[in-house]
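*Asks:* Here it is, the structure, as structure tokens.
The values are calculated or read from the model by the stated rules, or taken from the named source; none is laboratory data. Everything numeric here is computed off the predicted structure, so don't read it as measured data. Reconstructed Cβ throughout: ideal geometry from the backbone, glycine too, with neighbour counts over all protein chains shown. Accessible surface is based on the protein model in full, side chains and every heavy atom, while ligands, DNA and RNA are left aside. Shrake-Rupley method; radii C 1.70, N 1.55, O 1.52, S 1.80 Å.
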Amino acid sequence: MLSMAVSNYAGKLHTFSKLLVSPYKIGFVQPHSYLSDDQTKEIKSILESGSQKNLISIYENKMARSIGSGYGLSFAAGRMAFYVFLRSMGIGPGDEVILPGFTCSVMPNAILKVGAKPVFSDIDVNTFGSSADSIRENITPRTKAVVAQHSFGIPCKIEEIADLCSEHGLLLIEDSAISFGSTLKGTKVGNWGDAAIFSTDHSKPMNTIIGGFLYTRDYSVYLKARSIYDQMPELDNPHQKKIYEQFLFERVHYVPDKYPRAVLIGYMHDIAKRSGISHADSQSAFLENDYTKPDVSTITNVPSYPYPARMPGFLAKIGLLELKRWKYEKVRRKKILRFYIEKMGQMGLGKYVPKVYSNSAFDIIPLRFAFDHPDAHLIKMEMSKYIDVSWTWFCQPVICCPKGPEDLGYVSGSCQVGEKACDSIVNWPCSIPEGWETKIEEIFVKIMTGFK
Ligand SMILES: Cc1ncc(COP(=O)(O)O)c(C=O)c1O
């Protein structure tokens with residue numbers, strides 16, 4: 001026990017000393033450094049005034065229009081959009097919901113919260129998204145809904161999955177938490193199923209610090225979800241203030257030349273809080289209480305925030321600014337992706353580039369450039385000198401679960417393609433802070449040259 005603690009501290013010290021001498025690091029979040037001081041003041045005044053109703057509906061309309069011709073509702077998180085969809089469709093005890101074993105714990109957690117059973121299906125080796133074949137194998141008479149996940153901006157084989165769902169009379173919900181704006185055969189992700197969820201938490205394609213969105217082309221689905229939505233509470237004021245402070249902090253400190261110090265500040269706050277030196281309120285800006293199996297029979301692990309909850313109005317304002325910038329941002333991301341792919345070809349690494357990237361049916365707005373490589377661990381070690389790789393999705397079949405994927409119903413060995421990908425996946429960021437494109441390209445060439 002003592003030796004574990006010592007090695008833990010030695011590890012932290014090592015990370016500390018490395019961070020102290022790092023001139024820069026590219027984080028996993030694209031900060032709002034593009035916002036002017038006036039825009040930031042306006043966001044603050046929305047938080048303080050509390051008059052948010054109009055902004056929310058404007059955001060919901062604009063966000064829905066950016067996806068398609070359907071209807072949208074905003075939430076404090078993507079998982080809450082999913083939970084509300086499940087509830088509004090009457091999914092509950094005795095029902096099964098199929099989702100990929102390449103996801104975040106909050107997704108099976110939402111299924112368990114409505115009393116249904118999560119059943120994990122495998123991913124497709126080429127898209128890192130849901131596999132139609134594996135979904136088919138997991139359908140039982142109890143299956144009510146299927147989650148089809150689009151990973152890293154790559155549409156999954158959604159056409160086949162949609163056909164399968166209509167053949168079996170199953171509800172289809174697209175998990176677009178990490179894919180926004182990409183199209184397959186000209187149809188955007190989000191428009192293939194009964195509904196789709198999006199996440200706008202700070203690591204996602206669009207960043208509102210925390211946030212989620214439910215989109216549907218079906219007005220009756222919208223109305224059912226709306227009736228739950230109308231009863232939903234807000235996050236309390238102190239929590240909203242925390243989120244605002246996090247937004248301010250990231251805006252200034254998550255730029256690469258300040259990022260190493262920002263991580264150090266985070267570590268120090270954490271240590272001070274744990275050791276009782278700091279009396280800082282322990283509530284996080286983030287929604288971190290949905291990572292384990294919910295106990296639906298008691299209230300012992302009810303989260304410290306309302307669930308489901310509305311998206312705060314000042315975050316809707318940030319969302320509107322992100323949407324305004326999207327046209328420009330998506331071009332930047334595609335350009336970075338093109339660079340990575342071209343260089344892979346020139347360096348003799350073309351065989352590692354998934355074929356989906358050159359398939360003209362797919363228009364990919366990338367969040368990450370993802371591929372499998374036998375030396376993934378070594379590549380990630382090299383990347384970690386310049387890039388925060390702690391958020392390299394998905395290093396285990398269900399991420400963010402302190403008690404392990406089995407706690408949320410995952411059966412070890414059940415999704416073999418996904419489990420293999422967890423070991424061999426490398427993903428390079430495509431959402432790069434402004435002005436750092438050349439640097440990331442230099443790093444990419446420097447590192448990948450060593451892995452031919
Ligand atoms: C694939 C996937 N789906 C859903 C979610 C849930 O999003 P949120 O954190 O906004 O609830 C995540 C979060 O990381 C995710 O990675």
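*Asks:* Among Lys185, Lys204, which is the only one that is surrounded by fewer than 24 Cβ atoms within 10 Å (Cβ to Cβ), within 16 Å of the ligand (Cβ to nearest atom) and of a type outside the set (Val, Ile, Thr)? Talk me through it step by step, then tell me what you get.
*Replies:* On the way: Lys185 fails: within 16 Å of the ligand (Cβ to nearest atom).
Just one listed residue meets the conditions, Lys204.
*Asks:* Picking from Ala162, Ala196, Ala177, Ala148, which residue would you name as being surrounded by fewer than 24 Cβ atoms within 10 Å (Cβ to Cβ) and either in a helix (DSSP H, G or I) or not charged (D, E, K, R) (or both)?
*Replies:* Details: Ala196 fails: surrounded by fewer than 24 Cβ atoms within 10 Å (Cβ to Cβ); Ala177 fails: surrounded by fewer than 24 Cβ atoms within 10 Å (Cβ to Cβ); Ala148 fails: surrounded by fewer than 24 Cβ atoms within 10 Å (Cβ to Cβ).
Unique residue meeting the criteria: Ala162.
*Asks:* Looking only at the stretch 93-145, which residues are under 20 Å from the mean Cα position of the chain (by Cα), in a helix (DSSP H, G or I) and within 18 Å of Ser179 (Cβ to Cβ)?
*Replies:* Val106, Met107
*Asks:* Here's something else I'd like to know. Which of (1) open to solvent by 70 Å² or more (accessible area, probe 1.4 Å); (2) of a type in the set (A, V, I, L, M, F, W, C); (3) at pLDDT below 95 does Ala272 not meet, given it meets every other one?
*Replies:* (1)
*Asks:* Then there's this: Looking at (1) within 16 Å of the ligand (Cβ to nearest atom); (2) touching a strand residue (DSSP E or B) at 6+ places or on another chain (Cβ under 8 Å), can you tell me which one Gly70 breaks?
*Replies:* With respect to (1) within 16 Å of the ligand (Cβ to nearest atom); (2) touching a strand residue (DSSP E or B) at 6+ places or on another chain (Cβ under 8 Å), Gly70 is out only on (1).
*Asks:* Mind telling me which of the residues Leu378, Leu408 ends up being aliphatic (A, V, I, L, M) and open to solvent by less than 10 Å² (accessible area, probe 1.4 Å)? Before the answer, list the steps.
*Replies:* Working: Leu378 fails: open to solvent by less than 10 Å² (accessible area, probe 1.4 Å).
Of the residues listed, the single one that is aliphatic (A, V, I, L, M) and open to solvent by less than 10 Å² (accessible area, probe 1.4 Å) is Leu408.
*Asks:* Additional query: Out of the residues in the stretch 252-262 meeting the condition of being assigned to a helix (DSSP H, G or I) and open to solvent by less than 40 Å² (accessible area, probe 1.4 Å), tell me which one is nearest to Tyr305 (Cα to Cα).
*Replies:* To start, the set of residues in the stretch 252-262 that are assigned to a helix (DSSP H, G or I) comprises 252-253, 259-262.
Filter once more, keeping what is open to solvent by less than 40 Å² (accessible area, probe 1.4 Å): 259-260, 262.
Details: Tyr259: 29, Pro260: 30, Ala262: 26 Å.
Among residues in the stretch 252-262 that are assigned to a helix (DSSP H, G or I) and open to solvent by less than 40 Å² (accessible area, probe 1.4 Å), the one nearest to Tyr305 (Cα to Cα) is Ala262.
*Asks:* Taking Glu434 as the residue in question, decide whether it is within 23 Å of Met107 (Cβ to Cβ), surrounded by fewer than 17 Cβ atoms within 10 Å (Cβ to Cβ), charged (D, E, K, R) and touching a Ser or Thr at 6+ places or on another chain (Cβ under 9 Å). Steps first, answer last, please.
*Replies:* Numbers: within 23 Å of Met107 (Cβ to Cβ): no; surrounded by fewer than 17 Cβ atoms within 10 Å (Cβ to Cβ): yes; charged (D, E, K, R): yes; touching a Ser or Thr at 6+ places or on another chain (Cβ under 9 Å): yes.
It is false that Glu434 is within 23 Å of Met107 (Cβ to Cβ), surrounded by fewer than 17 Cβ atoms within 10 Å (Cβ to Cβ), charged (D, E, K, R) and touching a Ser or Thr at 6+ places or on another chain (Cβ under 9 Å).
*Asks:* Just checking, which of Val389, Val398, Val426 is at pLDDT below 95, within 19 Å of the chain's Cα centre (by Cα) and not assigned by TED's automatic domain parsing to the domain that holds Val189? If you could, list the steps in order and put the result at the bottom.
*Replies:* Details: Val398 fails: at pLDDT below 95; Val426 fails: at pLDDT below 95.
Every option except Val389 fails the conditions.
*Asks:* A further question on this structure: Among all residue pairs at least 6 apart or on different chains, which show Cβ distances below 6 Å where the first residue, located in the stretch 131-159, is among the charged types (D, E, K, R) and the second is in a strand (DSSP E or B) and surrounded by fewer than 24 Cβ atoms within 10 Å (Cβ to Cβ)?
*Replies:* Taking only residues 6 or more apart or on different chains, the pairs are Arg142/Glu96.
*Asks:* Right, something else. State which residue pairs qualify: first residue more than 17 Å from Asn109 (Cα to Cα) and within 16 Å of the ligand (Cβ to nearest atom) and inside the stretch 380-407, second residue among the small types (Gly, Ala, Ser) and open to solvent by 20 Å² or more (accessible area, probe 1.4 Å) in any location, beta carbons under 9 Å apart, and separation of 6 or more residues or different chains.
*Replies:* Ser390/Ser384
*Asks:* Report yes if Asn126 is of a type in the set (S, T, N, Q), within 12 Å of the ligand (Cβ to nearest atom) and farther than 15 Å from Ala196 by Cα, otherwise no. So that I can check it myself, show each step before the final result.
*Replies:* Details: of a type in the set (S, T, N, Q): yes; within 12 Å of the ligand (Cβ to nearest atom): no; farther than 15 Å from Ala196 by Cα: yes.
Spelling it out, it is not the case that Asn126 is of a type in the set (S, T, N, Q), within 12 Å of the ligand (Cβ to nearest atom) and farther than 15 Å from Ala196 by Cα.
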